[in-house]
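Please treat every number below as a calculation from the coordinates, not as lab data. Keep in mind the model is a prediction, meaning the values are calculated, not measured. Heads up, the Cβs are rebuilt from the backbone with ideal geometry, glycines too, and the neighbour counts pull from every protein chain shown.
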Amino acid sequence: MKRSAGEALVDGGDIDVESHNRTTDLDNDVMNKNKAASLLHRTVTSLTASTTDDDTDDCIVQSKQKCIEDESIAKTNTKQITRLINARILQQDGTLLSGSLDVSNGLISAIHKDGSLNDEDISSVIEVVDCKGRILSPGYIDIQLNGAYGIDFSNDCIGEEGLKADDVLHVANRLVETGVTSFCPTMVSSSSETYRHIISLMDTARKQQQEEQQVGANILGMHLEGPFFAKTKAGAHDKQHIVSPVNDMSSVEEVYGIDQENIDIVTLAPELPGAYKAIQSMTAANPQSIVVSCGHTEATYDDGIKAVSCGATLLTHLFNAMIPFHHRKPGLVGLLSSEVKLGNMNLKRPFYSLIVDGIHVHESAVCMAYKSHPDGCVLVTDAMAAMGLGDGDHSLGNMKVSIKGDRATLTDSDVLAGSVVSMDMCVKRFHKFTGCSIGEALLCATLHPAQVLKKQSSIGILAVGAKADMILLNDELDVLSTWVDGKQVFQNKILN
Ligand code: ZN
C-alpha cells in the first residue's frame, strides 16, 4: 500500500479515540483552572460558613487546613493523562500484558494490569484510546538506515543538489508509517569533507526537529559505516575512500573530526592496523563514547574475540561483508555461540544486526543466528534512498535503480543496489522465518537496538519514565498507529 506523507498526520477525531472524553490542550487548561477555582470557591464558602456559624479558633484552623488540602488536590489535577486501554502491552521478557498504559507529558506515567484500576484513577484522564485488544509495542528503532523516500544520507553534493536538513526531516516524518520512531542516519564510506558536512547537518536537522516540534521519528546519533574497512569486503562502498586507522584515534579524528558527540555507532574492520587501539579509545567511558561494531571485515574468530575485549559490542549485518562460518574457521559468526569462552574472560557476546528482507540473508541463516543468541539479535533495514518509492525505475543521484517488489537492482542488471524493505516488513519476515513469538520478534526491533545504544531506559521499552514512543499492531504485525512523545503521528486509515 502506498501512503502519502499527509496521511502520517492524524487529526483528533479518529475512530479509536473516545472523542466525548477528549478535549484540546487549551480546553484542558481551562478545565483545570475551572476545577481549581471551583475547589477554592468551595473552600472559601466553607471558611465563611465556619466563621459565621461557629466563631471558634478550632473551626478556623480546620477550615484553613481544608483550604490547603483542596489547593493541593487542584494542583495534582493539572496532570493530564492519555490512557490507552484494552491493550496487550509488550514486556521486556517478550510476553504481552493485558492492561492499560498512561501517558503524561510525553512519557509513560503508569501501566495498569487488567483489573488493577480503580475509580479514583480516572480523575486526570483527558483522553481514552481503546486499543481493542491489539498489541502495544515500543516504536521500532532502526540503527542502520542509509536513506529512504528518494533521500540519500550520504549525498555528498554541496549546494542545491546536496542533502538538506529538511530532507532528513521528511524521511523522519515518513518513517513513522513503518513503525519506526527512532533511527540512526547511516553514511557509507565517504571523504572526510563529506563526513564532517553531513554529521553537522544531522545535528542541525535534530535541533530543528526539536525546536519545531516535528511529528517524525527521533533522529539519533549517526551510524558511520566506514571508511575503515577491508578493501576485499567493501561491498557497494566506494573503494577510493577505504583506509586503515594506522594512527588509531588520530586517524579516526582525521576523518570524522574531533567533535564526535553526534556519532552513535562506527562500523569498522577490527583486523586493520591501529583498529584495536581506536576501538579502545572510542568505547572508553566518556561523554563522547561511541558504540563500535565490526563489519566489512576479514576478521577471524580470534580477531573478533580481541575486538570484543577492546570494547566492540556489535557485529554489523551478520553474514554480509564478512568471512563465512566454517566449522574450523568460524569467523565473527562464531562469536554468537561463544557465551562460555567470552564469559570466562568476563566479556559478553556482542549484539549482531541482521537484514531480514528475505534477500540479503537466507532464512535458515537467520534462524541459526537467532537460535544461537536470541538476546543479541537486532533487526536493521540497511535501507537506501529507494525505500518507499515503489516499483519502477528511479534516478538516485548518479545511480539508476529498478525496484520490483522487495528487490532493488541497478537498472538493466542483476546487481543488488541495496535494501528497500521497511522495518515493519523485516519484523514480519523475522517472525515467520524463526517461528519465535510475536513478543520475541518485537524485542529485536525495540529493546535490543536500544540496549546496543545504551538508551533502554528511555526508548525501546514500555516502562514508567520511558518516552511514549509506541506503535499499535494487529496480530499480523501491521502497524495501525504510531505515537512519538505521546502524540499520535500516524494512523493506518485502511486497517483501523
Ligand atoms: Zn554495510
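Using a 10 Å cut-off on Cβ atoms, rank the peptides 230-242, 331-343 from the highest mean neighbour count down.
So the peptides 230-242, 331-343, ranked by packing, come out 331-343, 230-242.
Placing R0 at 22 angstrom, the Cβ-Cβ distance between E211 and L107 gives a FRET efficiency of 0.65 after rounding to 0.05. Working note: Cα gyration tensor of the stretch 283-432, eigenvalues times five, square-rooted, sorted largest first, giving semi-axes of 31, 17, 14 Å. Label-to-label distance for C367 and S98 is 3.2 nm, based on points extended 7 Å past Cα in the beta-carbon direction.
The radius of gyration of the Cα set in the stretch 267-365, together with its Dmax, comes out at 13.3, 40 angstrom.
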